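Okay, so here's the structure we're looking at.
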Amino acid sequence: MTGADRSLDAVVVGAGFAGLYMLHRLRRLGLSARVFERGGGVGGTWYWNRYPGARCDVESLEYSYQFSAALQQEWRWTERYSTQPEILRYANHVADRFSLRPDIEFNTRVASAGYDEAAGRWLVYTDRGQRISARFLIMATGCLSAANTPDFKGIDRFRGETFHTGDWPHEEVDFHGKRVGVIGTGSSAIQSIPVIAEQAAHLTVFQRTPNYSVPAGNGPLDRALEREIKADYAGFRARNKLMPVGFGSRHPRREDSALAVSEEERQRRYEEYWRLGGLLFMGAFADLGVNAAANATAAEFIRRKIHQIVKDPQTAELLCPDNVVGCKRLCADTGYFAAFNRSNVRLVDVSQRPIDEITSLGLKAAGEEHRLDCIVFATGFDAMTGALLRVDIRGRGGERLQDKWRAGPRAYLGLAAAGFPNLFLITGPGSPSVLSNMLPSIEQHVDFIADCLTHMRGVGHQTIEAQQAAEDDWVQTVNNIAAGTLYPTCNSWYLGANVPGKPRVFMPYLGFPAYVAKCEQVAAEGYEGFAFAG
Ligand code: FAD
Ligand code: NAP
């Protein structure tokens, strides 16, 4: 541990849901561990994304931890889809209930980490000048935690206030009486626009690509349903584990094709799934993700809904996407399209010509200057790789992760990278992560890592490393699966297409149950695809 201030079994980076549970498991294994978190509190996503209207789009009874039966019994959600403040309270409750805080260092960013081959240890550097030696480095840095603000010309000139949805102030932001501009129409914008519209004197929405959105159908949590689920929570979780996306087992996912039923039945089915709300809409037919003609019928249904909701036909038309439903993440809203019926809301199309520039008084787009007091960047994230690559990670022979991933991320099972021994990625690229209910995916990864460390201790191994061939095969598998779907047909952040210059590679693994089965098989076969030493 040359030059280190401190020596630990494990360093965990990030105190979101992944980092919290990882710390809990490491402690129970009797390992010394410390979590470094750049924010001032726990909760990750729910610590940073405090924008008005922020809430989950997977039902709270499912978007929650299951590792502690007592925790899942005692916690009471108030809404079907809980708000950001409530989810943040939950994260804080977990941190307190399991006494995690003493091992978390807040306001501390991990800046770099290098693997010392001779010592078989990581040397981790923080932005506060600490140097920590650790056997294991576990990145719990999040898939959607590196906010992306496009490099708009004149951005520093603006005299009003600017906000990014993914880095929202902790103090109350009051838009009353203000002229507000929102750039973007992804999930964050779609949740915040109806709320901002109610407060602001005027709201201008700058839209580059319209998005499909289905009303979430949110409301107070049905207490009878809560009792029913809590009576057999384990069974409910087990059924969800068999769902392709790890949630939604209460609602039938249909096995038939959208093209195999009559027009009347198709419309009836879409109405039924529209009422179920949000992401559950995609379960209406089995082939919406793989058959373009089937998907087109869903697209047409949603476009008709938009035209029914939005009174001005021109605005309605502008809000209608023409790509594949679900290709970009389907949004779940509360009053999004209806917000455009308000007299204080205006939609500006920036699809044909990019936003010209930000001026001292507002924003120039489509040849017009829009005077604004506030600009909200709802422009998303450098997803899946951003937070990892913002840390200078160097593996064997000083190889930088940035270099290894120059043509796109490469990781075995999305968990480990060849050339980087004893480094684990929680929900890394190549794992179901963002294409699943992330809480069970996080727990599955944490459990895999904890079990692996237990195995290593039992056998007396010092290091574990993904084998190059296994990694190559896995990257190919992830690509092959995606190629058989409609996902690669649009410019989504799943493909890195939202960040200029980012390699176009489909990053998540599609299919939660198959992935879990693969991980179980890998572990059962002595961690096939990994090499151990020491
Ligand atoms: P995060 O919560 O992102 O936490 C990572 C933490 O690491 C952050 O606090 C960050 O500050 C810290 N960090 C990063 N780099 C460093 C560094 N170098 N040094 C120190 N600290 C660092 N998923 C769902 O399944 N369902 C939903 O309904 C849902 N809703 C979402 C809504 C929003 C607005 C967003 C942005 C995402 C949503 N997600 C949802 C995805 C969500 O990110 C995950 O569900 C989950 O919260 C991720 O937890 P995590 O711990 O892996 O990462
Ligand atoms: P996003 O989906 O990437 O949306 C970003 C928006 O900004 C897009 O409309 C994009 O347009 C626009 N944009 C980016 N750069 C632009 C530019 N230079 N000029 C004009 N417009 C630009 O980001 P997000 O809304 O923050 O959501 C990210 C993910 O977080 C979601 O997909 C979801 O997984 C998660 N999330 C979930 C919820 C929830 O409901 N629980 C809420 C928020 C976020 P283009 O489409 O043209 O690129």
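Only residues that are within 10 Å of ligand 1 (Cβ to nearest atom) and either at negative phi or surrounded by fewer than 24 Cβ atoms within 10 Å (Cβ to Cβ) (or both) were counted in the stretch 12-30, giving 10. Note on the stretch 120-180: enclosed strands (runs of 3 or more DSSP E) holding 3 or more residues that are within 12 Å of ligand 1 (Cβ to nearest atom) are 121-126, 131-139.
Of all residues in the stretch 230-264, those that are modelled with pLDDT of 95 or more, farther than 19 Å from M438 by Cβ and either charged (D, E, K, R) or not in a loop (DSSP other than H, G, I, E, B) (or both) total 8.
Kindly establish whether Y115 is over 29 Å from R28 (Cα atoms) and in contact with a Lys or Arg (Cβ under 7 Å, 6 or more places away or on another chain).
Considered against the rule, which asks whether it is over 29 Å from R28 (Cα atoms) and in contact with a Lys or Arg (Cβ under 7 Å, 6 or more places away or on another chain), Y115 comes out as no.
The number of residues in the stretch 217-229 that are assigned to a helix (DSSP H, G or I) and either at pLDDT below 95 or exposed (fewer than 11 other Cβ atoms within 10 Å of the Cβ) (or both) comes to 3.
Taking the numbered list (1) in contact with a Pro (Cβ under 9 Å, 6 or more places away or on another chain); (2) assigned by TED's automatic domain parsing to the domain that holds F506 in turn, D151 passes all entries but (2). Among the residues of the stretch 71-88, the ones that are within 14 Å of ligand 1 (Cβ to nearest atom) and of a type outside the set (D, E) come to 9 in all.
The set of residues in the stretch 233-259 being in contact (Cβ under 8 Å) with a residue 60 or more places away in the chain, touching a Leu at 6+ places or on another chain (Cβ under 8 Å) and aliphatic (A, V, I, L, M) consists of V245 alone. A single member of E317, E300 is more than 16 Å from ligand 1 (Cβ to nearest atom), assigned by TED's automatic domain parsing to the domain that holds P210, farther than 24 Å from S188 by Cβ and of a type outside the set (K, R), and it is E300.
None of A339, A417, A387 is within 16 Å of ligand 2 (Cβ to nearest atom), under 29 Å from the mean Cα position of the chain (by Cα) and in the same structural domain as F512 (by TED's automatic domain parsing) except A387. In summary, strands (runs of 3 or more DSSP E) completely within the stretch 347-426 and bearing 3 or more residues that are more than 16 Å from ligand 1 (Cβ to nearest atom) occur at 362-365, 368-371. Selection within the stretch 10-46: residues that are assigned to a loop (DSSP other than H, G, I, E, B) and within 16 Å of ligand 2 (Cβ to nearest atom). The member of this set that is nearest to S133 (Cα to Cα) is G16.
For Y51, state whether it is within 16 Å of ligand 2 (Cβ to nearest atom), closer than 30 Å to A332 by Cβ and among the hydroxyl-bearing types (S, T, Y). Judged against the criteria, Y51 is a match. Using the structure shown, decide if S64 is within 14 Å of ligand 1 (Cβ to nearest atom), touching a Cys at 6+ places or on another chain (Cβ under 7 Å) and either of a type in the set (G, A, S) or over 23 Å from N218 (Cβ atoms) (or both). Criteria not met by S64. Taken as a whole, the structure leaves H445 outside the set of residues that are surrounded by fewer than 20 Cβ atoms within 10 Å (Cβ to Cβ) and either within 30 Å of A296 (Cα to Cα) or in the same structural domain as Y21 (by TED's automatic domain parsing) (or both).
Output the qualifying pairs, or none if there are none: Cβ atoms under 6 angstrom, residues six or more apart or on different chains, first residue in the stretch 130-149 and closer than 20 Å to P421 by Cα, second residue within 16 Å of ligand 2 (Cβ to nearest atom) and among the small types (G, A, S). Close Cβ pairs (under 6 Å, with a partner that is within 16 Å of ligand 2 (Cβ to nearest atom) and among the small types (G, A, S)) amount to A140/A18; T141/A387.
Residues in the stretch 321-346 that are more than 16 Å from ligand 1 (Cβ to nearest atom) and outside any loop (DSSP other than H, G, I, E, B): F337, A338, A339, V345, R346.
The values are calculated or read from the model by the stated rules, or taken from the named source; none is laboratory data. Please read all numbers here as calculations on a predicted model, not as lab measurements. Please note: Cβ atoms are built from the backbone with ideal geometry, for glycine as well, and neighbour counts cover all protein chains shown.
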